[in-house]
Amino acid sequence: MLSCLAKLFTMKDEAICTSRVIVKRIRKIRESKHYSQEFMARRLGISQEAYSRMELSETTPSIKRLLSIAQILEITPDELLFTSS
């Protein structure tokens, strides 16, 4: 049972790390397009505070929200979720 818990915590840490990488990528692309957090929040139908919390990794965006963000940023979901080699 202890090894199962250790594996669960490792998976959770990896998910958090991945989420942080994705939101850093979102911020970098957003800034490269000169889009403000307010602009993104309006397009997503959320408050600027909620959007900011996502970029600060205080909240984790849902898959649906990530797809919407990719569309707003005019990139594919693959470009948002995966690093290019």
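See the values below:
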read-out	value
All positions within the stretch 26-70 that are surrounded by 12 or more Cβ atoms within 10 Å (Cβ to Cβ) and either of a type in the set (G, A, S) or on the phi > 0 side of the Ramachandran plot (or both)	S36, A41, S47, A50, S52, S57, S68, A70
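Residues are listed down the side, and each one gets a yes or a no for (1) among the small types (G, A, S); (2) touching a Leu at 6+ places or on another chain (Cβ under 6 Å); (3) modelled with pLDDT of 90 or more:
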residue: F9; (1), (2), (3): no, no, no
residue: I26; (1), (2), (3): no, no, yes
residue: A41; (1), (2), (3): yes, no, yes
residue: A50; (1), (2), (3): yes, no, yes
residue: K64; (1), (2), (3): no, no, yes
residue: F82; (1), (2), (3): no, no, no
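The values are calculated or read from the model by the stated rules, or taken from the named source; none is laboratory data. Worth saying up front: this structure is predicted, and the values here are computed from it rather than measured. Please note: Cβ atoms are built from the backbone with ideal geometry, for glycine as well, and neighbour counts cover all protein chains shown.
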